[in-house]
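The values are calculated or read from the model by the stated rules, or taken from the named source; none is laboratory data. This one's a predicted model, so the numbers in the text were calculated from it and none came from an experiment. FYI the Cβ positions are ideal-geometry reconstructions off the backbone, even for glycines, and counts take in every protein chain you see.
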Amino acid sequence: MKAIIPLAGTGFKSKYKTVHQLKSLIPLAHQESICYIIDQLEIQNVREIIIIVGFYGERVIEFLTQKYPEIVFHFVFQKFREGLAHAIYLCREYIEEEEPLIIQLGDSLLELDYSKIDTNQNYIGVKTVNNPSNFGIVKIENGIIVDFEEKPKHPTSNLAMAGFYYLSKTTLFFEVLTQLIKGDIKTDNEFQLTEVLNLLAEKEFYFEPLMISEWFNLGDFEKLMRTNEYFLKNRSHENNSPQADIVNSIIIPPVYIHSNAKVMNSIIGPYVTIGQNCVIENSQIKHGIVCQNAQLNGVMLSKHLIGANSIVKGNPISMNLEENAELYL
């Protein structure tokens, strides 16, 4: 069995703008976000994964090939963002006829029970939401999904697609997908996966709903902060970094500090992730994420994302800082 993970998005939406920080490489507690997905797939004996990359794709390629040498990766570059269906279409040459396939969106971290999957059936992960107009929505009859809507103004249910798809066979799926692309059938100027799923339903190729217990969508800053807090709190047994260089500092859990990071004369926590090779001095930070190779000195931060390779000096209170930024206050 193979898996496809689309990672071609450019960043995530903050209150002010789209921040150009690779979501897949943002550390959440003890590891980067993409690792939670791949670790789950490894448990299911998935050893071949197609990754769809775009913005800064070379960094994703370098990270994954070094992190998971036992997995065969195929990297597909999506030059233009033409929708999820188009991204998956680009992977077709790597999927054999009637081969089972998992598709999981790279910005959706899920707690799901694989034991509930009958490998002879097809599944879509779903979760009840309060604002269904913001999601792809499914309608269920007699235990199967009979209709799909993409961000409907008048939704017929509150069950949202959570970014997980299991196909027991893929031949018809890719035939319909190819028809959509070749026919230039777009919605809102993109090739939508929901259109493919509706066409499959018309051909009596059905999916069953797979209820997701926890769904963390990394699409915006607020959701990213909540996800970081969840993993720090609920994976406390993995949040130990005894080799980290911590000097004259107070740590208020839950906190994860990478073993290669240095913290001096600072107060850290609660709910802080500090990535590898970071240096934190004379600072007080809580409720946030400091990405790889960042340097902080003399700052007080609350609810923040500091991008990789950034330098922050001064006294900011709350911020989102892109990769390679330098800020002196």
(message) Condition check: farther than 30 Å from Asn120 by Cα and in the same structural domain as Pro100 (by TED's automatic domain parsing). Does Glu202 satisfy that?
(response) no
(request) Looking only at the stretch 168-182, decide whether some residue is closer than 30 Å to Ala294 by Cα and either outside the structural domain of Leu105 (by TED's automatic domain parsing) or among the aliphatic types (A, V, I, L, M) (or both). (result) no
(request) Hey, could you check the stretch 66-86 for residues that are more than 26 Å from Phe221 (Cβ to Cβ) and in contact with a Cys (Cβ under 9 Å, 6 or more places away or on another chain) and say which is surrounded by the most Cβ atoms within 10 Å (Cβ to Cβ)? (result) Val76
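Can you give me the number of residues within the stretch 117-159 that are β-branched (Val, Ile, Thr), closer than 22 Å to Leu199 by Cβ and under 20 Å from the mean Cα position of the chain (by Cα)?
Total satisfying the criteria: 3.
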(message) Can you report the number of residues in the stretch 78-111 which are free of Cβ contacts under 8 Å to residues at least 60 places away in the same chain and within 19 Å of the chain's Cα centre (by Cα)?
(response) 0
(request) Filter the stretch 87-111 down to residues that are over 17 Å from Gln192 (Cβ atoms), buried (at least 20 other Cβ atoms within 10 Å of the Cβ) and among the hydroxyl-bearing types (Ser, Thr, Tyr), then give me how many there are. (result) 0
(request) Go through the stretch 32-73 and give me each residue that's assigned to a loop (DSSP other than H, G, I, E, B) and among the β-branched types (Val, Ile, Thr). (result) Val46, Ile71
(request) Given the conditions (1) within 21 Å of Ala294 (Cβ to Cβ); (2) in a strand (DSSP E or B); (3) of a type in the set (A, V, I, L, M); (4) in contact with a Leu (Cβ under 8 Å, 6 or more places away or on another chain), report the number of the one that Leu210 does not fulfil. (result) (1)
(request) State whether the residues of the stretch 11-20 include one that is aromatic (Phe, Trp, Tyr) and modelled with pLDDT of 95 or more. (result) no
(request) Scan the stretch 41-62 for residues that are within 16 Å of the chain's Cα centre (by Cα) and aliphatic (A, V, I, L, M) and jot them down. (result) Leu41, Ile49, Ile50, Ile51, Ile52, Val53, Val60, Ile61
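So that you can scan it fast, the table gives a plain yes or no per residue for (1) within 13 Å of Ile5 (Cβ to Cβ); (2) among the charged types (D, E, K, R); (3) in the same structural domain as Asp184 (by TED's automatic domain parsing); (4) touching a helix residue (DSSP H, G or I) at 6+ places or on another chain (Cβ under 9 Å):
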site	(1), (2), (3), (4)
Ile34	yes, no, yes, yes
Ile37	yes, no, yes, yes
Ile51	yes, no, yes, yes
Tyr56	no, no, yes, yes
Arg59	no, yes, yes, yes
Glu70	no, yes, yes, yes
His74	yes, no, yes, yes
Gln78	yes, no, yes, yes
His86	no, no, yes, yes
(message) Return the residues of the stretch 112-136 that are surrounded by 16 or more Cβ atoms within 10 Å (Cβ to Cβ), without any contact (Cβ under 8 Å) to a residue 60 or more places away in the chain and closer than 20 Å to Leu167 by Cβ; say none if nothing qualifies.
(response) Gly136
(message) Just checking, does the stretch 195-208 include any residue being modelled with pLDDT under 95 and touching a Ser or Thr at 6+ places or on another chain (Cβ under 8 Å)?
(response) yes
